[in-house]
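Below is one structure, written out as structure tokens; comments come after it.
The values are calculated or read from the model by the stated rules, or taken from the named source; none is laboratory data. Predicted model only: the values in this text are computed from it and were never measured. Don't worry about glycine lacking a Cβ; one is built from the backbone with ideal geometry, like all the others, and counts go over all protein chains shown.
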Amino acid sequence: MSAFSPRVFSGVQPTGNLHLGNYLGAIRKFVALQESQDCIYCVVDLHAITAQLVHDDLKSQIRSITAAFLAAGIDPKRHIVFNQSRVSGHAELAWIFNCVARIGWMNRMTQFKEKAGKDRENASLGLLAYPSLMAADILLYRATHVPVGDDQKQHLELTRDIAIKFNNDFSGRIAAAGLGTEIAMGEETVNGYFPITEPLIGGEATRVMSLKDGSKKMSKSDPSDLSRINLTDDAEQIARKIKKAKTDPNALPSEPKGLEGRAEADNLVGIYAALADLSKADVLKDFGGRQFSEFKPVLAELAVEKLSPINAEMRRLIDDPAHIDAVLKDGGERAGAIAEKTMADVKEIIGFLQ
Ligand code: TYM
């Protein structure tokens with residue numbers, strides 16, 4: 001048990017359309033957690049410039065992700081919703097973490113390898129340091145829990161490594177400044193400044209796959225729009241994409257074991273399960289033995305039922321940018337107050353004069 005007060009933090013990049021993977025893997029969990037936790041949800045615009053520097057419509061992208069948060073049910077009054085670049089502590093703490101993290105740690109990140117591709121020398125330095133900024137996002141608020149999809153797991157492990165190294169390297173100073181908090185590390189209790197964050201990755205849709213290729217993650221950057229269901233798709237588009245989704249010729253199995261080696265079938269059953277709040281086993285109890293020609297229309301209907309209200313509310317909010325901007329400004333001010341305290345502590349621990 002850590003003595004840190006529980007706090008949830010997570011972020012979404014304002015790059016491209018939000019899709020069903022973002023919704024089921026992350027945003028839906030954000031909404032659920034706000035019932036029991038103190039939450040901070042961030043539109044990570046500083047991350048958005050790591051892979052591509054110049055964006056035509058960054059402002060509207062930031063507003064659109066914010067609209068999705070609100071439309072999905074996040075309450076920006078009880079919790080904090082803001083865009084990252086408003087709070088300078090993110091970049092400041094990221095710099096310090098660049099000096100804590102080792103180059104080898106960054107070079108091992110699979111997302112960096114994938115995004116940088118063959119021409120690594122030409123990737124931005126920001127893309128390499130991306131996980132350091134992500135650690136800063138989380139630890140600036142000393143967040144204890146981070147809901148994400150499966151693809152962010154490695155970045156969260158690195159966040160833990162950064163916190164552990166900072167706590168160890170500065171343990172004497174942390175104690176001397178009276179800023180330490182008890183952290184359980186296995187059998188021992190250690191005094192540290194940053195919590196060892198727990199990832200929250202669970203449920204049946206931690207990795208939603210492309211509708212066109214069950215071996216690829218559903219992604220904003222896939223050139224084929226048929227590969228994903230966007231949160232802005234209307235009922236007709238959703239139904240058409242599910243109808244065209246790749247499947248195999250066999251009927252659905254009656255148990256999850258029968259989904260092994262059938263990536264597309266597994267994905268569609270997982271999507272159904274997550275949307276209906278059921279386990280895959282429950283879905284297969286109902287649909288085992290049925291053909292995709294029967295399953296797909298029911299899945300489409302469920303997806304439309306769950307996503308249409310969000311879609312409609314997103315459109316309404318996007319038409320009211322002044323409201324969205326006010327939410328982000330207010331959230332930025334409240335986030336900034338927490339961040340300022342952390343940065344003052346960190347500067348004290350490191351030994352900067354302030
Ligand atoms: P991003 O913007 O790529 O994705 C936002 C969230 O959606 C999840 N996700 C998925 N979940 C299931 N199936 C998929 N196909 C799928 N695709 C995306 C992601 O796991 C993520 O939870 N680095 C992060 C943003 C970030 C962040 C943070 C997250 C920056 N700082 C601090 C948590 C804490 C990212 O690029 O997410």
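Only residues that are touching a helix residue (DSSP H, G or I) at 6+ places or on another chain (Cβ under 7 Å) and outside any helix (DSSP H, G or I) were counted across segment 101-141, and they come to 6.
Having 2 or more residues that are touching a Phe, Trp or Tyr at 6+ places or on another chain (Cβ under 8 Å) and either on the phi > 0 side of the Ramachandran plot or outside the structural domain of Gln52 (by TED's automatic domain parsing) (or both) is the bar; report the strands (runs of 3 or more DSSP E) wholly within segment 142-229 that clear it. Write out each step before concluding.
Numbers: elements: 145-147, 181-185, 188-192, 198-200.
So the answer is none; nothing clears 2.
Within segment 43-54, can one find any residue that is more than 14 Å from the ligand (Cβ to nearest atom) and not aliphatic (A, V, I, L, M)? First the steps, then the outcome.
Narrowing segment 43-54 to residues more than 14 Å from the ligand (Cβ to nearest atom): 53-54.
Checking which are not aliphatic (A, V, I, L, M) leaves us with none.
Within segment 43-54, none of the residues are more than 14 Å from the ligand (Cβ to nearest atom) and not aliphatic (A, V, I, L, M).
When Glu236, Glu204 are screened for being more than 12 Å from the ligand (Cβ to nearest atom), more than 30 Å from Ile162 (Cβ to Cβ) and not β-branched (Val, Ile, Thr), only Glu236 passes.
If you go through segment 285-296 and pick out every residue that is part of a helix (DSSP H, G or I) and in contact (Cβ under 8 Å) with a residue 40 or more places away in the chain, you end up with 3.
Just give me the residues in segment 1-16 being within 11 Å of the ligand (Cβ to nearest atom) and either among the β-branched types (Val, Ile, Thr) or in a loop (DSSP other than H, G, I, E, B) (or both), in sequence order. Quick ask: steps written out before the conclusion?
From segment 1-16, those within 11 Å of the ligand (Cβ to nearest atom) are 8-16; that's our starting set.
Result: Val8, Val12, Gln13, Pro14, Thr15, Gly16.
Rundown of residues vs (1) without any contact (Cβ under 8 Å) to a residue 12 or more places away in the chain; (2) surrounded by fewer than 17 Cβ atoms within 10 Å (Cβ to Cβ); (3) touching a strand residue (DSSP E or B) at 6+ places or on another chain (Cβ under 8 Å), yes/no style:
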residue	(1), (2), (3)
Ala205	no, no, no
Arg228	no, no, yes
Ala245	no, no, no
Leu252	no, no, no
Asp282	yes, yes, no
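Residues that are outside any helix (DSSP H, G or I), over 23 Å from Gln52 (Cβ atoms) and not charged (D, E, K, R) within segment 67-100 comprise Gly73, Ile74, Pro76, His79, Ile80, Val81, listed in sequence order.
Asp137 meets each of the listed conditions (1) crowded, with 20+ Cβ neighbours inside 10 Å; (2) more than 10 Å from the ligand (Cβ to nearest atom) apart from (2).
If we keep just the residues of segment 97-126 that are aliphatic (A, V, I, L, M) and away from the ligand (no atom under 16 Å from the Cβ), which is surrounded by the most Cβ atoms within 10 Å (Cβ to Cβ)? Talk me through it step by step, then tell me what you get.
Filtering segment 97-126 down to residues aliphatic (A, V, I, L, M) leaves 100-101, 103, 106, 109, 116, 123, 125.
Cutting the leftovers down to away from the ligand (no atom under 16 Å from the Cβ) gives us 100, 103, 125.
On the way: Val100: 18, Ile103: 10, Leu125: 9.
Applying the filter and picking the extreme gives Val100.
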